[in-house]
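The values are calculated or read from the model by the stated rules, or taken from the named source; none is laboratory data. Since the structure is predicted, the reported quantities are computational estimates derived from the model, not experimental observations. Ideal geometry is used to build each Cβ from the backbone, glycine not excepted, and the neighbour counts take in all protein chains shown.
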Amino acid sequence: MTPASILEAPEVAPPVVELIYEDGIPMESHQARKQMSLLILLTHQLMAARGCEDYFAGGNMFLYFSVEQARRRDYRGPDYFAVLDVDGRRSRKAWVVWEEDGRCPNVIVELLSETTREMDLGVKKRIYETVLRTPEYYCFDGERGELIGWRLMGGTYRAIEPGAAGRLDSEQLGVRLGLWHGEVEREDGVWLRFYDHEGHLLPTPEEAAASLVEAERQRADAAQQRADAEQQRADAERARADRLFARLRALGHDPESGTD
């Protein structure tokens with residue numbers, strides 16, 4: 001696993017600068033908000049399954065990497081990002097690199113739209129590649145069903161070649177990122193999801209609970225089917241015995257008394 005980049009700390013503490021945490025601009029769409037929340041939720045699910053607490057997953061929050069950038073207020077944060085091997089229990093309003101021992105995201109995902117595509121594939125990509133040196137960067141367009149990604153190799157982003165079903169391997173998260181068509185928060189569409197290397201979809205807690213309920217229902221149905229089959233066998237055996245007794249009686253035998 002390639003470690004997240006660590007920006008060089010200044011020789012002196014950075015001067016006091018006012019950090020803003022919201023710019024009053026809403027997200028592009030409800031689908032974008034749901035997708036961002038889904039990725040964060042899946043990251044929590046993934047790390048919980050591994051018993052890992054040393055990570056941070058965020059989205060639609062500012063990422064400050066220099067005092068000058070903070071002063072200019074000219075940069076919005078990624079739609080989704082994950083930082084590994086950090087204290088994940090501490091609440092943060094923004095990711096402030098100089099307050100995180102220089103730590104930058106391991107993985108960034110931007111949600112492309114007509115209004116953000118140029119910025120996400122241009123300015124932001126260059127910042128992630130040359131300034132933050134983020135090991136993996138992905139762009140997802142739900143409207144077009146498009147997923148592209150890059151991995152930092154030798155200081156330069158190289159395109160990640162799609163695998164089965166067009167999924168992209170994330171060495172950082174240890175999963176495959178791929179498209180999934182279904183319903184999220186009552187909205188049908190194409191969503192970015194996590195898959196394991198065998199191609200199984202990483203479920204949300206709700207999906208996992210529903211799967212357990214369905215598995216229990218199937219077990220109950222199977223048990224009922226076995227009970228019904230056993231009852232049918234018992235009924236068939238009783239009917240066979242009744243027919244045998246009837247034939248014996250017709251021949252003048254009394255099977256119950258054991259006398260002729």
*Could you tell me whether any residue of the range 165-172 is surrounded by fewer than 18 Cβ atoms within 10 Å (Cβ to Cβ) and assigned to a loop (DSSP other than H, G, I, E, B)?*
yes
*With respect to G182, is the statement that it is closer than 24 Å to A82 by Cα, at pLDDT 80 or above and among the small types (G, A, S) true?*
no
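Let's see how each residue does on (1) of a type outside the set (S, T, Y); (2) at pLDDT 95 or above:
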| position | (1), (2) |
| --- | --- |
| I148 | yes, yes |
| R151 | yes, yes |
| A164 | yes, no |
| S170 | no, yes |
| R176 | yes, yes |
| V190 | yes, yes |
If you go through Y137, Y195, the only one that is touching a residue at least 12 places away in the same chain (Cβ under 8 Å) and under 23 Å from V97 (Cβ atoms) is Y137
Subject >> Filter pass, S91 being free of Cβ contacts under 8 Å to residues at least 12 places away in the same chain and out of contact with any Phe, Trp or Tyr (no Cβ under 8 Å at 6 or more places or on another chain) >> reply: yes
Condition set part of a loop (DSSP other than H, G, I, E, B) and among the basic types (K, R), scope the range 129-154, selection nearest to the chain's Cα centre (by Cα): answer is R144
Looking across the range 112-139 at residues that are farther than 21 Å from Q69 by Cα and charged (D, E, K, R), the single one that is surrounded by the most Cβ atoms within 10 Å (Cβ to Cβ) is E136
Reported set for the range 123-180 where residues are among the acidic types (D, E) and over 25 Å from T204 (Cβ atoms) is E129, E161
If we keep only residues of the range 143-189 that are touching a Ser or Thr at 6+ places or on another chain (Cβ under 9 Å) and of a type in the set (G, A, S), then the residue nearest to V107 (Cα to Cα) is G149
The residue from R126, R90 that alone is over 21 Å from the mean Cα position of the chain (by Cα) and part of a loop (DSSP other than H, G, I, E, B) is R90
Q) Looking at the range 247-257, is at least one residue among the small types (G, A, S), outside any helix (DSSP H, G or I) and modelled with pLDDT under 80? A) yes
Within the range 182-205, the residues that are small (G, A, S) and part of a loop (DSSP other than H, G, I, E, B) are G199
If we keep only residues of the range 59-87 that are among the acidic types (D, E) and part of a loop (DSSP other than H, G, I, E, B), then the residue surrounded by the most Cβ atoms within 10 Å (Cβ to Cβ) is D79
The condition of being buried (at least 18 other Cβ atoms within 10 Å of the Cβ) and at pLDDT 90 or above holds, among G51, G142, only for G142
Those residues of the range 178-192 that are in contact (Cβ under 8 Å) with a residue 40 or more places away in the chain and closer than 23 Å to M47 by Cβ come to a total of 4
